Amino acid sequence: MRTLYVVTHPEATHHVEGVVGGWHDSKLTPAGVRAALSIAQTLRAQVPNGAQVELFSSDLRRTLRTAEKVAELFGVKPMMDRRLREKSYGEAEGKPQEWLDRRFVPPPAAGERMDHDEGVEGSETKAAWAQRIYAATDEILQSPCEHQIIVTHGGSLTFVVASWIKMPIESAGYASFRAPAGSITTLREDDFFHNRQVVSLGDTRHLHSAKTG
């Protein structure tokens, strides 16, 4: 039985500053650090003691700091993979969100969505974004390890889940599995049918203790 836990990093400075995240290398806020510890404790309680665990993380500071909190409780080293980063927003990164909102060209309701030009210089297409997340996820799942943790970003979670359920990448243009910051999504594959289940999506119940602690 394989279980894959997908963590979206908790509150980071770009959230509270109202600037565009993407590849902008923001860091966790103090509240985000507390939430990261709560995430780590929740995962530790769910994985059997003594079980082998593999931990993968985007290489940006906010995800890596989250992964480090998890690593401390599991005694493992996070394996960094830049392919697990959020979508790149090109020249908009680090600028006020309103700057991006004024220039952003949304994809059409019908027609080409994966290679759609969003109108921002240097911005990554949905196709390029999906391809790298799919590649990273597929590589992670080649390991026989039954307990794996991926620390990534809210937007990138969509393509981790889409890859998990083997959605053809050309069909992912309409997919959206967005989850809140600091959430845990649990994915499981059984050993008999090898069906891949989405057990929970974007669970944030553990964050309540982080706020009151």
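Annotations for the structure displayed:
- Close pairs from segment 110-122: first within 19 Å of Trp23 (Cα to Cα) and among the small types (Gly, Ala, Ser), partner part of a loop (DSSP other than H, G, I, E, B) and at pLDDT 95 or above, Cβ under 8 Å, at least 6 apart: Gly119/Phe104; Gly119/Val105; Gly122/Ser88
- Test: residue in segment 150-165 that is open to solvent by 30 Å² or more (accessible area, probe 1.4 Å) and over 18 Å from the mean Cα position of the chain (by Cα): no
- Only residues that are modelled with pLDDT under 95 and buried (at least 19 other Cβ atoms within 10 Å of the Cβ) were counted in segment 42-51, giving 0.
- Only one of Glu170, Glu139 that is modelled with pLDDT under 95, open to solvent by 30 Å² or more (accessible area, probe 1.4 Å) and part of a helix (DSSP H, G or I): Glu170
- So Arg188, is it basic (Lys, Arg), in a strand (DSSP E or B) and open to solvent by 20 Å² or more (accessible area, probe 1.4 Å): yes
- Residues that are without any contact (Cβ under 8 Å) to a residue 40 or more places away in the chain and of a type in the set (A, V, I, L, M, F, W, C), drawn from segment 170-198: Ala175, Phe177, Phe192, Phe193, Val198
- So Glu98, is it more than 20 Å from Val7 (Cβ to Cβ) and in a helix (DSSP H, G or I): yes
- Scan of segment 1-41 for residues that are within 14 Å of Gly182 (Cα to Cα), surrounded by fewer than 20 Cβ atoms within 10 Å (Cβ to Cβ) and of a type in the set (Val, Ile, Thr), ordered by number: Thr13, Thr29, Val33
- Residues (among the basic types (Lys, Arg) and open to solvent by 60 Å² or more (accessible area, probe 1.4 Å)) located in segment 66-120: Lys77, Arg82, Arg83, Lys95, Arg102, Arg103
- Checking each residue in segment 6-24 for being free of Cβ contacts under 8 Å to residues at least 60 places away in the same chain and under 14 Å from Leu100 (Cβ atoms) picks out only Glu17.
- Selection count, segment 52-65, where residues are open to solvent by less than 10 Å² (accessible area, probe 1.4 Å) and within 12 Å of the chain's Cα centre (by Cα): 5
The values are calculated or read from the model by the stated rules, or taken from the named source; none is laboratory data. Everything quoted here is computed from the prediction, not taken from an experiment. Cβ sites come from the backbone with ideal geometry, for glycine too, and all protein chains shown count toward neighbours. Areas reflect the complete protein model, heavy atoms only, side chains present, ligands, DNA and RNA absent. Shrake-Rupley method; radii C 1.70, N 1.55, O 1.52, S 1.80 Å.
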